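What follows is a single structure, written as structure tokens, with notes after it.
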């Protein structure tokens, strides 16, 4: 009997510990904290594709000294709902959008007030650190035609990224594709190289994709460094070709769809005219008689 009571006591203690752990995880999730993920990882995953802290602007502004430029309350509201702040006509938000060449900050999935404060605290702490400065920045290597050709193959799916990421053409198009172009789920990338700040902005963007639609895919299937360089070279060529965005591809697609529908209707009409009438005709004659 005593042994059974001891086992029951230990079972009750174990169950209590498990339930307390589950409640703690739920509480952490409700405050926006991802268990086991440090705030610097959160910044690297969701912010570093467009921002640095003391490294200069990318697609978005350098965040060093951010709290000196805006109030904490405004920053939290902005991080939680950037689209709403922009649509509300906030002048500071509109100025940020103009500086980012019209790009709009993507909402971060799961962002809430507590998590925004954590990130802002991290940015403030990092802003106080001195970046090691080197007397000479290494010169950028020119992007070669071979890299641009490799980037085109990656874009259209002739060669696939080694980590299993999908081809860009599934969701995007560029003017140089001609004919039917590419997908329309994402924006036209003809001028993406210039719009995203050239190599300096595009490389970190492709390395840590901030788009809410693309992020879940590329977190699991990141692009390799040489693949990013190749895609940048291809998009640079597309921007420098100064072609118009691929509106003709959509028109061609619609015309082809209409032509295909007409052919199918004609085919169905021909098949229907040859249908079996051996039963129907006698029934019609009998009805009329």
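The values are calculated or read from the model by the stated rules, or taken from the named source; none is laboratory data. This one's a predicted model, so the numbers in the text were calculated from it and none came from an experiment. As a convention, Cβ positions derive from the backbone with ideal geometry for all residues, glycine included, and neighbour counts pool all protein chains shown.
Identify all residues within the stretch 58-87 that are within 24 Å of the chain's Cα centre (by Cα) and part of a loop (DSSP other than H, G, I, E, B); write none if there are none.
58, 59, 60, 61, 62, 63, 81
Within the stretch 88-102, take every residue that is part of a helix (DSSP H, G or I) and touching a residue at least 12 places away in the same chain (Cβ under 8 Å) and give me the one that is surrounded by the most Cβ atoms within 10 Å (Cβ to Cβ).
93
Quick test for you: out of 187, 210, pick the one residue that is touching a helix residue (DSSP H, G or I) at 6+ places or on another chain (Cβ under 7 Å), assigned to a loop (DSSP other than H, G, I, E, B), closer than 22 Å to residue 104 by Cβ and outside the structural domain of residue 104 (by TED's automatic domain parsing).
Exactly one of 187, 210 is touching a helix residue (DSSP H, G or I) at 6+ places or on another chain (Cβ under 7 Å), assigned to a loop (DSSP other than H, G, I, E, B), closer than 22 Å to residue 104 by Cβ and outside the structural domain of residue 104 (by TED's automatic domain parsing), namely 210.
Using the structure shown, decide if residue 182 is more than 15 Å from residue 105 (Cα to Cα) and either free of Cβ contacts under 8 Å to residues at least 40 places away in the same chain or within 15 Å of the chain's Cα centre (by Cα) (or both).
no
Being in contact with a helix residue (DSSP H, G or I) (Cβ under 8 Å, 6 or more places away or on another chain) and in contact (Cβ under 8 Å) with a residue 24 or more places away in the chain is the filter; apply it to the stretch 154-163 and report the residue that is surrounded by the fewest Cβ atoms within 10 Å (Cβ to Cβ).
This residue is 162.
For the structure I just gave you, tell me whether residue 178 is at pLDDT below 85 and surrounded by 15 or more Cβ atoms within 10 Å (Cβ to Cβ). Spell out how you get there, then give the answer.
Working: at pLDDT below 85: yes; surrounded by 15 or more Cβ atoms within 10 Å (Cβ to Cβ): no.
So residue 178 does not fit the description; no.
Being over 20 Å from residue 209 (Cα atoms), free of Cβ contacts under 8 Å to residues at least 12 places away in the same chain and buried (at least 17 other Cβ atoms within 10 Å of the Cβ) is the requirement here; does residue 85 meet it?
yes
Identify the single condition in (1) in contact with a helix residue (DSSP H, G or I) (Cβ under 7 Å, 6 or more places away or on another chain); (2) modelled with pLDDT of 80 or more; (3) within 17 Å of residue 58 (Cβ to Cβ) that residue 167 does not satisfy, given that it satisfies every other one.
(3)
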